[in-house]
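*Asks:* Take a look at this one; I'll ask things after.
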Amino acid sequence: AQSVTQLDSQVPVFEEAPVELRCNYSSSVSVYLFWYVQYPNQGLQLLLKYLSGSTLVKGINGFEAEFNKSQTSFHLRKPSVHISDTAEYFCAVSPNTGGFKTIFGAGTRLFVKA
Amino acid sequence: DTEVTQTPKHLVMGMTNKKSLKCEQHMGHRAMYWYKQKAKKPPELMFVYSYEKLSINESVPSRFSPECPNSSLLNLHLHALQPEDSALYLCASSQGQGIEKLFFGSGTQLSVL
C-alpha cells in the first residue's frame, strides 16, 4: 500500500519570495510521483511528474521538484512566486505496477501575498 | 484536444430526484475515472473504467451508478442522494495503463437538499 503526507496544510508567502511545499511518501513498491495544482472552482492540473531518470524534475509555471529516494520525499519548489500561484497543491503517488489507484496527499494551500 | 469536459458545472437536487453527470474526452484515452472531492480535501476515487469495462468500484453506495457508453463518454447516474453526498465530482482520464498522469475536468459542484 502507498501513502502520501504533505507536511504543511497552508503556506503563506510574499510575492517574489521562494517557496517549498513538502511531500513525503511511503510504499512497498516503486512508485511514480506527481504534483497537481487546483485553482478555485477547477479540476486538478498536472504540474510535473517523476517516472525515472534525473531526480530533478522541471514542470510548468516555473515549478520544479526533487525526488529523494533515501528520504522518500518529493518536495516542490519555485524560486519566485506570483499572486497567480495561489492555489491548492496536491502531491500524488501511483504504483509502477499499475492499477489506476493514484493516491493523493491532503493538499497544501499556497497563499501568495502582495 | 486535451480537454475533459464535464456537464453540468453546477447541480442542485432533492433527495428524491434522479439526475446524471456527464463527462467526455476525445484524447483517445482508454481509462476514465470518477472522483469525489469534499471542500478542502483531496479527491477520493469512486470508479474506474478501463477499456469501457468497470475496473474499480471503491465500495461506493448503490445510489451512485456509473456508465461508460463508449470510449469517449462517462456518466454518473444519481438517485436518492443524501445531503452528505454534496461535493465536487471530478471526471478524469488517462491513457489506459493506470500509471500515467490524469487529465481532469473542471467538475460538477453538486448540492443535495
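The values are calculated or read from the model by the stated rules, or taken from the named source; none is laboratory data. Because the structure is a prediction, the values reported are computed rather than measured. When we count neighbours, we look across all protein chains shown, and the Cβ atoms used for this are built from the backbone with ideal geometry, even at glycine. These accessible areas exclude ligands, DNA and RNA; they are computed on the full protein's heavy atoms, side chains included. Shrake-Rupley method; radii C 1.70, N 1.55, O 1.52, S 1.80 Å.
*Asks:* Does region B:73-88 contain any residue that is closer than 25 Å to A:Tyr50 by Cα and either assigned to a strand (DSSP E or B) or open to solvent by 20 Å² or more (accessible area, probe 1.4 Å) (or both)?
*Replies:* No, region B:73-88 has no match at all.
*Asks:* Among the residues of region B:32-49, are any over 30 Å from A:Asp8 (Cβ atoms) and surrounded by fewer than 16 Cβ atoms within 10 Å (Cβ to Cβ)?
*Replies:* No, every residue in region B:32-49 fails to be over 30 Å from A:Asp8 (Cβ atoms) and surrounded by fewer than 16 Cβ atoms within 10 Å (Cβ to Cβ).
*Asks:* Taking region B:10-48, which residues are facing chain A (nearest Cβ under 9 Å) and over 22 Å from B:Gln82 (Cβ atoms)?
*Replies:* B:Ala31, B:Tyr33, B:Val48
*Asks:* Looking at (1) more than 11 Å from chain A (Cβ to nearest Cβ); (2) open to solvent by 20 Å² or more (accessible area, probe 1.4 Å); (3) under 26 Å from A:Trp35 (Cα atoms), which is the only condition B:Pro61 fails?
*Replies:* For B:Pro61, the failing item is (3).
*Asks:* Within region A:54-88, work out how many residues are open to solvent by 60 Å² or more (accessible area, probe 1.4 Å), part of a loop (DSSP other than H, G, I, E, B) and among the small types (Gly, Ala, Ser).
*Replies:* 2
*Asks:* Next question, about the same structure. Yes or no: region B:103-110 includes at least one residue that is over 27 Å from A:Leu33 (Cα atoms), at pLDDT 95 or above and touching a strand residue (DSSP E or B) at 6+ places or on another chain (Cβ under 7 Å).
*Replies:* Within region B:103-110, one or more residues are over 27 Å from A:Leu33 (Cα atoms), at pLDDT 95 or above and touching a strand residue (DSSP E or B) at 6+ places or on another chain (Cβ under 7 Å).
*Asks:* Looking only at region A:93-114, count how many residues are open to solvent by less than 10 Å² (accessible area, probe 1.4 Å), modelled with pLDDT of 95 or more and either of a type outside the set (Val, Ile, Thr) or under 11 Å from the mean Cα position of the chain (by Cα) (or both).
*Replies:* 4
*Asks:* If B:Thr5 satisfies all but one of (1) in contact with a strand residue (DSSP E or B) (Cβ under 6 Å, 6 or more places away or on another chain); (2) surrounded by 16 or more Cβ atoms within 10 Å (Cβ to Cβ); (3) more than 9 Å from chain A (Cβ to nearest Cβ); (4) under 30 Å from A:Arg109 (Cβ atoms), what's the number of the condition it fails?
*Replies:* Going through the list (1) in contact with a strand residue (DSSP E or B) (Cβ under 6 Å, 6 or more places away or on another chain); (2) surrounded by 16 or more Cβ atoms within 10 Å (Cβ to Cβ); (3) more than 9 Å from chain A (Cβ to nearest Cβ); (4) under 30 Å from A:Arg109 (Cβ atoms), B:Thr5 breaks only (2).
*Asks:* Select from region A:10-39 the residues that are modelled with pLDDT under 95 and open to solvent by 80 Å² or more (accessible area, probe 1.4 Å) and list them in ascending order.
*Replies:* Result: A:Ser28, single match.
*Asks:* Restricting to region A:40-53, give me the number of residues that are open to solvent by less than 50 Å² (accessible area, probe 1.4 Å) and either in contact with a Pro (Cβ under 8 Å, 6 or more places away or on another chain) or not hydrophobic (A, V, I, L, M, F, W, C) (or both).
*Replies:* 3
*Asks:* Scan region B:9-25 and tell me whether some residue there is at pLDDT 95 or above, at positive phi and within 11 Å of the chain's Cα centre (by Cα).
*Replies:* No, region B:9-25 contains no residue that is at pLDDT 95 or above, at positive phi and within 11 Å of the chain's Cα centre (by Cα).
*Asks:* Among the residues of region B:85-103, are any touching a residue at least 12 places away in the same chain (Cβ under 8 Å) and away from chain A (no Cβ under 14 Å)?
*Replies:* Yes; the residues of region B:85-103 include at least one that is touching a residue at least 12 places away in the same chain (Cβ under 8 Å) and away from chain A (no Cβ under 14 Å).
*Asks:* List the pairs whose first member sits in region A:57-71 and is under 21 Å from A:Gln38 (Cα atoms), whose second member is surrounded by fewer than 16 Cβ atoms within 10 Å (Cβ to Cβ) and among the small types (Gly, Ala, Ser), and whose Cβ atoms are under 8 Å apart, counting only residues at least 6 apart or on separate chains?
*Replies:* A:Gly62/A:Ser80
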